[in-house]
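Visitor: Pasting a structure here, questions to come.
Quick note: the coordinates plus some simple rules give every number you see, no bench work behind them. From a predicted model like this one, the values you see are computed outputs, not experimental measurements. Because the Cβ atoms are built from the backbone with ideal geometry, glycine has one as well, and the counts that use them run over all protein chains shown.
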Amino acid sequence: MGFMDDAKDAAQSTGEKVGDWVDEQKERASDKVDELQAEAEVKKAEAHRDEVKAKNEYKEELRDS
């Protein structure tokens, strides 16, 4: 029975390691998604800033004319 117990323990350990690996990969993917979303928000904010700046410069030019 010793061989069967050892095989069972090895299979259980392997299963746990695979489960841990899967959880780690899901967490990494989630972190990457969060990073990409943050970058998109930054780009959107920068675009809005540039839009407002251009609008204000145009208005200033109209006032000076």
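Visitor: Using only alpha carbons, build the gyration tensor for the chain and give me the equivalent ellipsoid semi-axes, biggest first, whole Å.
Guide: Computed over the chain, the values are 63, 4, 4 Å.
Visitor: Give a residue-ordered list of calculated ³J(HN,Hα) values for the range 48-65 (Karplus: 6.51 cos²θ - 1.76 cosθ + 1.60, θ = phi - 60°; whole Hz; x for Gly, Pro).
Guide: 5, 4, 5, 5, 5, 4, 5, 4, 5, 5, 4, 4, 5, 4, 5, 5, 6, 6
Visitor: How many lysine pairs does the chain hold where the Cα atoms are under 23 Å apart and the two sit 8 or more places apart or on different chains?
Guide: The number of close lysine pairs in the chain is 10.
Visitor: Once R0 is set to 30 Å, what does the formula 1/(1 + (r/R0)^6) return for the Cβ-Cβ distance between LYS17 and GLU46, expressed as a FRET efficiency to the nearest 0.05? Write out the running numbers ahead of the final one.
Guide: On the way: r = 43 Å, r/R0 = 1.45.
Approximately 0.10, to the nearest 0.05.
Visitor: Also, I was wondering about something else. Spelling out what I want: for every residue of the range 6-13, take phi, set θ = phi - 60°, compute 6.51 cos²θ - 1.76 cosθ + 1.60 (Karplus), and round to whole Hz; glycine and proline get x.
Guide: Whole-Hz 3J(HN,Hα) from phi for the range 6-13: 5, 5, 5, 5, 5, 5, 5, 5.
Visitor: So, counting K/R as plus one and D/E as minus one, what does the shell of residues with Cβ under 14 Å around ARG63 add up to? Write down the numbers at each step before the final one.
Guide: Working: positive: LYS55, LYS59; negative: GLU57, GLU60, GLU61, ASP64.
Result for the local shell: -2.
Visitor: Projected onto the charge dipole of the chain (+1 at Lys/Arg Cβ, -1 at Asp/Glu Cβ, origin at the Cα centre), which of GLY15, LEU62, VAL52 gives the Cα projection farthest towards the positive end?
Guide: LEU62
Visitor: GLU39 to GLU60: FRET efficiency via 1/(1 + (r/R0)^6), r the Cβ-Cβ distance, R0 25 Å, to the nearest 0.05?
Guide: Numbers: r = 31 Å, r/R0 = 1.26.
FRET efficiency, GLU39 to GLU60: 0.20.
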